[in-house]
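Below is one structure, written out as structure tokens; comments come after it.
The values are calculated or read from the model by the stated rules, or taken from the named source; none is laboratory data. None of these values were measured; they are calculated from a predicted model. For neighbour counting, all protein chains shown are included, and Cβ atoms are generated from backbone atoms with ideal geometry for every residue, glycine included. Please note that ligands, DNA and RNA were not included when accessible areas were found on the heavy atoms of the full protein model with its side chains. Shrake-Rupley method; radii C 1.70, N 1.55, O 1.52, S 1.80 Å.
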Amino acid sequence: MGFFSALDIGASGLTAQRLRMDIISQNIANSNTTRTEDGTPYRRKIAVFEEKTGPSRFRDYLSSAENDYSIGNGVRVVKIVEDNSPFKKVYDKGNPEADADGYVSLPNVDIVTEMVNMISASRAYEANVTSINTTKNIAMKALEIGK
């Protein structure tokens, strides 16, 4: 694994975690949205990650032809899916969104879960930044040895 491969892997992690934090922020912002464009309450969204595999650049094809054993190419977001867990039901007979029994359907977003996921994404982002900085420091030390 080369110097630039390590940076590419760290950068893919930064991109994926940033998108994950964006989706979590959207979930929190819509935690009280009872009506979307399709007329239903907001559904929580989740990012699905996948390992990047296989050569993606010409340099990678050459490396694989030389039997260079690589540990991976990073991560990518494959899709964003909706959580199909049931909506929360709250009794509020005076609410215009209430059904015939007086219950209002609220989004399936749990603020505590979203905050835990946000902390997890933030820590993963920080770990990727640390990885990139460490790779950069190692390269700088290698250059200093050559002086």
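Scan segment 123-147 for residues that are acidic (Asp, Glu) and loosely packed, with under 11 Cβ neighbours inside 10 Å and jot them down. Even if it seems obvious, please write down each step before you answer.
Going residue by residue through segment 123-147, those that are acidic (Asp, Glu) are 126, 144.
Within segment 123-147, just Glu144 meets the criteria.
With the requirement that a residue be in a loop (DSSP other than H, G, I, E, B) and open to solvent by 70 Å² or more (accessible area, probe 1.4 Å), what does segment 71-98 give you?
Pass one, segment 71-98, residues in a loop (DSSP other than H, G, I, E, B): 71-74, 83-87, 92-98.
Across segment 71-98, the qualifying residues are Ile71, Asn84, Pro86, Lys93, Gly94, Pro96.
When you look at Asn117, is it buried (at least 17 other Cβ atoms within 10 Å of the Cβ), more than 15 Å from Gly13 (Cβ to Cβ) and touching an Asp or Glu at 6+ places or on another chain (Cβ under 9 Å), yes or no? Before you say what the answer is, go through the steps one by one.
Values: buried (at least 17 other Cβ atoms within 10 Å of the Cβ): yes; more than 15 Å from Gly13 (Cβ to Cβ): yes; touching an Asp or Glu at 6+ places or on another chain (Cβ under 9 Å): no.
No, not satisfied.
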Within the group Gly54, Gly74, which residue is at pLDDT below 90 and touching a Gly at 6+ places or on another chain (Cβ under 7 Å)?
Gly74
